[in-house]
Each structure stands twice: as C-alpha cells, then as structure tokens.
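The structure under discussion appears below in the form of structure tokens.
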Protein chains: 2
Amino acid sequence: MSEVTKPGGTRAIARDAVRARISEVALDLFDEHGFDNVTVEQIAAAVGVSPRSVHRYFPAKEDTVIGDPAGWGEHVRDQLVARPSDEPIWDALLASYEALLATPGRNEAQGRKAMRVLGSTAALRARNLEKHLLWAHLLTPIVAERLDGDHRGLRAEAIVQASLACFDIALTAWAETDAEESSVELLRRSFGALQPTA
Amino acid sequence: MSEVTKPGGTRAIARDAVRARISEVALDLFDEHGFDNVTVEQIAAAVGVSPRSVHRYFPAKEDTVIGDPAGWGEHVRDQLVARPSDEPIWDALLASYEALLATPGRNEAQGRKAMRVLGSTAALRARNLEKHLLWAHLLTPIVAERLDGDHRGLRAEAIVQASLACFDIALTAWAETDAEESSVELLRRSFGALQPTA
DNA sequence: CCTGATCTGTCAGTCTCTGCCACTTGTGGC
DNA sequence: GCCACAAGTGGCAGAGACTGACAGATCAGG
C-alpha cells in the first residue's frame, strides 16, 4: 500500500483521497442516523458522486467502515513471529495486539466513532467477524507451532479465537468509555480475565 | 415452544410442519449448490409455496439454517444458574454446554450438514455471531455474579466470549470429522486449551 | 351453514449490488 | 500543441432479498 511515488501517481493519489472522503462522510452519516437508515444514494449525494461510483470504491456498504482488514492482520502476524519462541503464548499474543493498538497515525476520535457504529449494527459486526476469521487464519498456524502435545490445531484455534474475543471486547469497551482508560489497559485486563493463575 | 395440545392446535401443527419442511429443503439445496447460489424463489418452488410465504416463515434466508437461537440460549442459561455457586466458572460453563449437546432429539446427520453449510458461508457465520451475542447477553450477568474483584463486567464478558469461541470451534471441528469423535469430547478439549494449569 | 380468524398468493415497491455502455478527463508519446 | 490510449465516471437495466398492502382461500367453532 502507498508506494513511494509510484509512476503515474497523481491518479492514485486522487483515488485514495476520494476513497478516504467517502469513508469519512459515510461514517458521519452512520453515526448520526444509524447504518441501516442511510442509503448508498445519500452517501453518494453527500460526497458529490454517483451511487455507482461509491460501489466502485467500496464493494459493499459495510466496507466504508471496516477498511482494509488484511493489512492490519499481517501486521499482527509479523509481530507474533518476531516474538521469542520461549515466551508464553498468551504473552506473545498480548504483545502483538498491543503493538497494533500503539501504532501511530490513527485518529482517536475517528476510531472511537467507527467502533461505536460498528458495535451497533449487525451487518457491520458481521464484516468485523470476517476480519477476525482472516486474522485467525494468519495467526493459528504460528500459535500451533509453539504448542506441545496432542491436538495442537484445535487448541491453537481455541487460543487464537479467545484472544481475538478479548481484543474485540477491549476495543468495544474502549469505544464506549470516554477516554478515561487507554485501549491497551483494557486489552491487558480482558486478557487477564482468562488467566486467573498468572 | 410446542405446548402440550395447545387450544386450536391443528393450525399450529401445520405451521410447524411447513416450517420444518422449508428448513429441510433449503438445507439440502444449500449443501448441494452453496448458500449464495440458491434463491428464495428456488426454495419456494421446491417446497411448493410462494416466495412470499417463505419469508413469512423465515424473516431472512439465513434463518432457514440457524433456526431459533433464543430457545437454546435460554436453555444454556438455565443450566448455568442451576450449577453450584462454588464451582469454578469454567467447569460450570463447560457443563452447561455439554448439557446442550447431550440434548436428545437432534438429528446427527442433519446437524452436521447444518454446521458444514454454516461454516462455508459468510452470511450464515454472521447470523451465527448474532446468536452468540444473544447468548452472551444471557450468560454474562450470571458469570459476573460469580466473580470476585474489580472489573467484573469486562472480565465476565471475556470469559463468556472465549467459552463461546470454544463451543463454536468444537462444533465446527465436529462437523468436519466423520463421526470419529463426539462433540462433547471436542468441546472438553477446546476448553482445556485455555487452561493449561488445570 | 355461517362468521371470523388465519393463511396464502399476487402485486408493487425499496435497497443493495452488478454488468454494460457511452462519455469525459488525465497521461504519455509524437 | 496534438493525438491515441487508458482510467474514471455516470446512467441504465437487471438480479435478488425483503416488506407492505390487498384479495381470495381455508378452517375452527357456533
């Protein structure tokens, strides 16, 4: 994503800008009226393009909120593989997620708004689930490699899914509180709930 | 559901039968051609009713596969509240899910087919997620009551979501294997993955 | 048999999403 | 500066899921 001065770049720049603008306008409308009460036609009108073009930038209405899942998933995976192999698996996962949350360049208010809208609409929760499944596919083999004993595949899947659940709960809680607590703090707390012994 | 000879019951019986028939036919079609490649019109034609009637029995196409989530969720909740209050929370949850899986009157082949179709389609996974959220809303307050210390709400949520993830993973694995292992066995194993210390 | 409630089908309409085609606009070569 | 080509855009038509309204059919109970 975002090459360094790609040949013929002005067009790509314009495209990215339009894409960001659609996403921004859509999020505002969703936050105000609710996802289901806003039509693609309204978004298009607010941005100043045709409904057809909105669908060219975003295959589905939900994608205006979710964004690009694959990129962040690979980021988490890279963090996880970089962890020392003798580290407890839960610590490694927690650290990987923390690195993601600590990534700069993320607008706090915008992020909260996105999470709020996301949590309040079934269609968006569904898209978020697909993102999690994508992440799980990336993380599970790595986790399985670090386990001993039988049934590593199943156990790795359980661990990854459970950790993703914690991640989600932490972000949801973070979106609902008013900046009183950091997302990292909430993430650690939800992770801690699964390990009363640690 | 299914009262004992409800007054004016013949109509209710017919209704339940038609409902079951639609669900059965739809599941077969989905399993053969894929969920997205089967239209409501085709299901209606195969059953012998109008498309409008199919939507009368099932608000959404996905509901023909998922069935009634609320009923089973309440069943699990009842199991959980009946557990001794000094039992470790994970044991109580495991036992509650086990009781659900052990419920008789569930066609094994039909169940596997439903889980197989469910796992292979995004729209159905989404509906399944909504079921889980419904269950989570029922179970979380009960779990929170059994916890000590701070942040019981968040911790209870993490525990419930993680346990539901285990439940789902076990059922998915069960649907993919060929009757070699019982669903209860797989459930215990996935639960065990989260408690290496126990 | 008749009355009223329930069930069903048909029709029209909304909304998301997808091809298709024509038109405009920016890009690069000459 | 001009021109061919690619990329972006808009309008149109259509599929498919779902909803509301209306009219006819069906069945329980008096």
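Checked against (1) within 16 Å of DNA strand D (Cβ to nearest atom); (2) within 14 Å of chain A (Cβ to nearest Cβ); (3) among the hydrophobic types (A, V, I, L, M, F, W, C), residue B:93 passes all but a single condition, namely (1). Of all residues in the stretch B:117-127, those that are assigned to a loop (DSSP other than H, G, I, E, B) and open to solvent by less than 30 Å² (accessible area, probe 1.4 Å) total 1. Annotation note: of A:118, A:194, A:129, the sole residue that is more than 10 Å from chain B (Cβ to nearest Cβ) and not acidic (Asp, Glu) is A:118. Comparison of A:130, A:145 shows that the only residue that is part of a helix (DSSP H, G or I), more than 19 Å from the chain's Cα centre (by Cα) and among the charged types (D, E, K, R) is A:145.
Please verify whether the stretch A:58-72 includes one or more residues that are within 20 Å of residue A:186 (Cα to Cα), within 14 Å of chain B (Cβ to nearest Cβ) and away from DNA strand C (no atom under 16 Å from the Cβ). Checked the stretch A:58-72: no residue is within 20 Å of residue A:186 (Cα to Cα), within 14 Å of chain B (Cβ to nearest Cβ) and away from DNA strand C (no atom under 16 Å from the Cβ).
Of all the listed residues (B:86, B:36, B:31), the sole one being among the acidic types (Asp, Glu), within 14 Å of DNA strand D (Cβ to nearest atom) and over 20 Å from residue B:137 (Cα atoms) is B:36. The set of residues from the stretch A:57-116 being in a helix (DSSP H, G or I), in contact (Cβ under 8 Å) with a residue 12 or more places away in the chain and open to solvent by 40 Å² or more (accessible area, probe 1.4 Å) comprises A:57, A:72, A:74, A:75, A:77, A:79, A:81, A:108, A:110, A:113, A:116. The set of residues in the stretch B:42-56 being touching a residue at least 12 places away in the same chain (Cβ under 8 Å) and near DNA strand D (Cβ under 9 Å from one of its atoms) consists of B:42, B:43, B:54, B:55.
Where residues in the stretch B:5-56 are part of a helix (DSSP H, G or I) and among the hydroxyl-bearing types (Ser, Thr, Tyr), which of them is surrounded by the most Cβ atoms within 10 Å (Cβ to Cβ)? Can you show your working first?
So in the stretch B:5-56, the residues part of a helix (DSSP H, G or I) come out as B:9-33, B:35-37, B:40-47, B:51-56.
Narrowing further to those that are among the hydroxyl-bearing types (Ser, Thr, Tyr): B:10, B:23, B:53.
Details: B:10: 8, B:23: 21, B:53: 14.
In this case the residue turns out to be B:23.
Checked against (1) more than 8 Å from chain A (Cβ to nearest Cβ); (2) free of Cβ contacts under 8 Å to residues at least 40 places away in the same chain; (3) farther than 18 Å from residue A:155 by Cα, residue B:134 passes all but a single condition, namely (2).
Take the conditions within 23 Å of residue A:168 (Cβ to Cβ) and out of contact with any His (no Cβ under 6 Å at 6 or more places or on another chain) and apply them to residue A:39. Does it pass?
Details: within 23 Å of residue A:168 (Cβ to Cβ): no; out of contact with any His (no Cβ under 6 Å at 6 or more places or on another chain): yes.
No.
Looking only at residues of the stretch A:160-189 that are of a type in the set (Gly, Ala, Ser), facing chain B (nearest Cβ under 10 Å) and under 16 Å from residue A:113 (Cα atoms), we find that the one that is least open to solvent (accessible area, probe 1.4 Å) is A:170. Screening residue B:150 against (1) touching an Asp or Glu at 6+ places or on another chain (Cβ under 9 Å); (2) open to solvent by 20 Å² or more (accessible area, probe 1.4 Å) leaves a single unmet condition, (1). For residue A:127, the test of being under 15 Å from residue A:62 (Cα atoms), out of contact with any strand residue (DSSP E or B) (no Cβ under 6 Å at 6 or more places or on another chain), of a type outside the set (A, V, I, L, M, F, W, C) and in the same structural domain as residue A:184 (by TED's automatic domain parsing) is passed.
The values are calculated or read from the model by the stated rules, or taken from the named source; none is laboratory data. Remember, predicted model here, so these are calculated numbers, not experimental data. In this analysis, Cβ positions are derived from the backbone assuming ideal geometry, glycine residues included, and neighbour counts consider all displayed protein chains. The area values use the complete protein model at the heavy-atom level, side chains included, leaving out ligands, DNA and RNA. Shrake-Rupley method; radii C 1.70, N 1.55, O 1.52, S 1.80 Å.
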